[in-house]
Amino acid sequence: MKKFLLSIAAMAMCGITALAAETTLEVKDATDIKGTDIPEKPAEGSSNGQARHFQPLESLTISGYAFTFSNNGGKTEPAYYYPMSTNEKGTTTIRLYVNNSMTITAPAGTEFASIIGYEGKTAYTIYNGEKTNTCTYSPTGTNKIDKLVVSTEAGVNPNPQGDITVKKATEFAAGDVAFVFNEGYVESFAADKPYGYWMAVAATPADEMKVTKEAIFTIASTDKGYTIKDFSGRFMGWDGQHWSFNAYSTSDEANCYWDAAMVDGKVKISNKAKSTDGKEIYLAGKVYNTSYEMVPTDRDDQTLPMLYSKVGTGVENIVVENDAEAVYYNLQGVQVENPLKGLYIVVKGNKSSKVIF
């Protein structure tokens, strides 16, 4: 024990700092912020206003890590944004744009091998390589970073895969599903956010793959259309004007009813409501800066998602009974003794088919 205490004392005398395997730096905890301080501009009329921010941002400190910023001929200067005072759940972010750069220097005696920046669940690899005490990062698009994870290990995967198995579907059926693009699968926005986008987590599509719980959506059939619930049980709807999702506690609060059909091996989910000029609103994927997201859109040239069903649920688990008696199941694979109005799967002998009552 004495030897152990002496070794710690020796490290302290030599100015060596022992870095934990992983350290999280929250942008909201920044101090010593230097730059041009621009006050909040309240919302007025059709304007959403503008939050207080530092722009151009010159430097700041987070938990002993020093950050310096520069603009190398870009159209927009780096910035540090607070949330609007009217948004209690808003996020504080460092904002970087094309041709900006951010240099991070660790506290004296500390080295790191990787730094991952996060915008919600979207990850940016800031640095990944040999151990060092400083690095410089230049984005290829707009980054809004709300936290950074510093690690002593290189090769850290910023997008770890989940533990829920899903299987690619060739036919549409309600139940627990995931949506996948060539860029990866999408997750719903945080449970404490009232609206947002379904952001992609990098992954390679396969007939069977692993996703996170945030990537599982529950589709149910009702007499008004299909509903979509996310991982936290919220109904996903469209507010009629913004190209994002809104979260609701009931399906009747807004445009939460959808139609669904397979199109060329992919799924097209269209809202029951139309745009103000009568266009169809459907769910598709698109690139936004350096991220990929799934959103409602009225454009006719966007990418449809591949549909995956959660293994262990849905119609894939229906057991075919070896007799001639008709057995009915709902689209979640649950047997129904007395089917009422709706779409069901009827199994008779070794054959199954869909039937509408």
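The values are calculated or read from the model by the stated rules, or taken from the named source; none is laboratory data. Here the structure is a predicted model, which means the values were calculated and not measured. Glycine gets a Cβ as well: all are built from the backbone with ideal geometry, and neighbour counts include every protein chain shown. Ligands, DNA and RNA are excluded from the accessible area calculation, which covers all protein heavy atoms including side chains. Shrake-Rupley method; radii C 1.70, N 1.55, O 1.52, S 1.80 Å.
Descriptive notes on the structure:
- Here segment 179-188 is the region considered, the condition is being in a strand (DSSP E or B) and not aromatic (Phe, Trp, Tyr), and the residue that is nearest to the chain's Cα centre (by Cα) is GLU187.
- Within this structure, ASP176 fails the test of being at pLDDT below 90, over 17 Å from VAL27 (Cα atoms), more than 16 Å from the chain's Cα centre (by Cα) and not hydrophobic (A, V, I, L, M, F, W, C).
- Yes/no for ASN100 being of a type outside the set (Phe, Trp, Tyr), open to solvent by 30 Å² or more (accessible area, probe 1.4 Å), more than 22 Å from the chain's Cα centre (by Cα) and modelled with pLDDT of 90 or more: no
- Checklist (1) surrounded by 15 or more Cβ atoms within 10 Å (Cβ to Cβ); (2) at pLDDT 75 or above; (3) touching a Lys or Arg at 6+ places or on another chain (Cβ under 9 Å) applied to TYR344, failing item: (2)
- Taking segment 226-236 as the range and being open to solvent by less than 50 Å² (accessible area, probe 1.4 Å) and among the hydrophobic types (A, V, I, L, M, F, W, C) as the test, the residues that pass are ILE228, PHE235, MET236.
- Qualifying position, being without any contact (Cβ under 8 Å) to a residue 24 or more places away in the chain and assigned to a strand (DSSP E or B), among LYS144, LYS167, LYS131: LYS131
- A count restricted to segment 198-225 and to residues that are buried (at least 16 other Cβ atoms within 10 Å of the Cβ) and not in a strand (DSSP E or B) stands at 5.
- When GLU88 is tested against (1) of a type in the set (Asp, Glu); (2) buried (at least 16 other Cβ atoms within 10 Å of the Cβ); (3) farther than 18 Å from VAL149 by Cβ, exactly one condition is not met: (2).
- Flag if TYR80 is touching a strand residue (DSSP E or B) at 6+ places or on another chain (Cβ under 7 Å), modelled with pLDDT under 95 and of a type in the set (Phe, Trp, Tyr): no
- Filtering segment 42-75 to residues that are touching a residue at least 60 places away in the same chain (Cβ under 8 Å) and either part of a strand (DSSP E or B) or open to solvent by less than 70 Å² (accessible area, probe 1.4 Å) (or both) leaves ILE62, TYR65.
- Residue list for segment 311-327, restricted to those being open to solvent by less than 60 Å² (accessible area, probe 1.4 Å), in contact with a strand residue (DSSP E or B) (Cβ under 6 Å, 6 or more places away or on another chain) and modelled with pLDDT of 70 or more: ALA326, VAL327
- Top-ranked residue in segment 103-124 [being open to solvent by 10 Å² or more (accessible area, probe 1.4 Å), assigned to a strand (DSSP E or B) and out of contact with any Pro (no Cβ under 6 Å at 6 or more places or on another chain); ranked as farthest from GLU187 (Cα to Cα)]: THR105
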